[in-house]
Amino acid sequence: MAPGEANSGNGGQILKPFTFNEIVLRNRLTALVVDGDNFCRLLEQGILQAYGLETQSVDNGDAAVELIASGAKFDLILIDMLLPILDGLEATRRIRAMGVRCKMLGVTAFSGERERQAFLAAGVDVFVEKPLGPEILIPILRELDEQYPSI
Amino acid sequence: MDVVNQLQRQFIDNSASLHREGFLDDQFTQLQKLQDENSPDFVVEVASLFFEDCEKLINNMSRALEQQQGVDFKQVDASVHQLKGSSSSIGAVRVKNICVAFRSFCEAQNREGCLRCLQQVTHEYSLLKNKLQTLFRLEKQILAAGGSIPGVE
């Protein structure tokens, strides 16, 4: 098992804390960031770009749905819960209803169990209470990277 | 060489005290690790964006709380919620903690409590901004003197 990886299963032990710059991706993954807050949107894009991801961002749920409906494809979508025009829950539902199966992370400042259940029920794969840290992001990026065949 | 060492020591001390006094947490350290030769100004840029965002949100809260004919607590709460998100994203833990308390006062529609929190948030944000600007100034001085920024840990 590589250093930094948890043992399998819940309550597994983390051997060492994840750090942000820990991995190098082989593939150019694509991501969409949906956040109504300027700073969070740009920060999350910046973090993903630091890993070599190609990113796009929108600041409301309606724009996110439109973008996906127009045919844009992403490996990863980060979406906030509270969004102008169309909220994150409804936007997520509509995106999933279009048959989009990519990894979706609900990244929100909400921390309650009720919010978590709601976001997961709407269709996000992972509920992340801000901040988006390396211990959540790195394993996901690694998993997405490995989905692509090695040359 | 002496000058560089002195500056570096100051940088390390300032950095350590920011963490020790709870101004910043590990999230900030993680963001520092993303800075490299491809994005040499990443942290400064992120911090500037945060300050801009903070100022805008604090202004929103202030305006909403000033409404004499009835405060729209939902509006205040929306701004506090955003500030909670952005402060935790940069690792500004003291600001974030005030936001948590602030939201309770919004929920209770307690104007006095909200005003107190607004004051605290403004104060903490100013403190953090000053300290970070000092840190960034030290970084510039170190680089200008031909030294390197002490490693982040």
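Brief remarks on what is shown
- For residues of A:128-135, the mean tally of beta carbons on other chains within 10 Å: 5
- Per-residue mean of foreign Cβ neighbours for B:17-27 is 1 (Cβ atoms of other chains, 10 Å radius).
- From the alpha carbon centroid of region A:97-143 to that of region A:27-50 is 14 Å.
- Fewest neighbouring Cβ atoms within 10 Å first, the residues B:His81, B:His19 line up as B:His19, B:His81.
- Cα coordinate range in region B:83-153, projected on the principal axes (Å, largest first): 55, 20, 14
- Rounded to the nearest 10 degrees, the inclination of helix B:42-66 to the longest alpha-carbon principal axis of chain B is 20 degrees.
- Between 0 and 90°, nearest 10: helix B:73-90 axis offset from chain B longest Cα axis: 10 degrees
- Average beta-carbon neighbours from other chains, 10 Å sphere, peptide B:31-41: 3
- The order of the peptides B:47-54, B:36-43, B:89-96 by mean Cβ neighbours within 10 Å, most packed first, is B:89-96, B:47-54, B:36-43.
- Cβ crowding within 10 Å ranks A:Lys130, B:Lys33, B:Lys140, B:Lys56 as B:Lys140, B:Lys56, B:Lys33, A:Lys130, fewest other Cβ atoms first.
- Region A:94-146: trypsin sites (Lys or Arg not before Pro) falling in loop per DSSP and having at most 13 other Cβ within 10 Å: A:Arg101
- If the chain linking B:Ala145 and B:Gln75 were pulled fully straight, counting 0.36 nm for each residue of separation and taking away their Cα-Cα distance, it would gain 20.4 nm.
- With the helix formula -39500 (n - 2.57) applied to DSSP H stretches of n ≥ 4, chain B reaches a computed 222 nm mean residue ellipticity of -26500 deg cm²/dmol.
- Net charge, A:Asp80 excluded, C-beta distance under 10 Å - Lys, Arg +1, Asp, Glu -1: -3
- The aspartates and glutamates within cross-link reach of B:Lys96, meaning a Cα-to-Cα straight distance under 12 Å and a gap of 8 or more places when in the same chain, are B:Asp25, B:Glu124.
- Hydrodynamic estimate: the Kirkwood radius of region A:22-63 over Cα pairs, inserted into Stokes-Einstein at 10 °C and 1.306 mPa s, corresponds to D of 148 µm²/s.
- Here the peptides A:31-42, B:117-128 are ranked by packing, the mean other Cβ count within 10 Å, and the order with the highest first is A:31-42, B:117-128.
- Pairs of Cα atoms in the protein assembly as shown fall into 10 Å distance bins, from 0 up to the last occupied one, in shares of 6, 25, 32, 25, 11, 2, 0 percent.
- Each principal axis of chain B carries a Cα extent, and these read 62, 28, 22 Å when sorted largest first.
- When the alpha carbon gyration tensor of region A:20-108 is reduced to an equivalent ellipsoid, its three semi-axes come out at 21, 15, 10 angstrom, largest first.
- Contact order normalised by residue count of chain B, Cα under 8 Å, 6+ apart, percent: 32 percent
Where a number appears in this text, it was derived from the coordinates with a stated rule and is not lab data. Predicted, not measured: the structure shown is a model, and the values here were computed from it. Quick reminder, even Gly has a Cβ in these numbers, built from the backbone with ideal geometry, and neighbours come from all protein chains shown.
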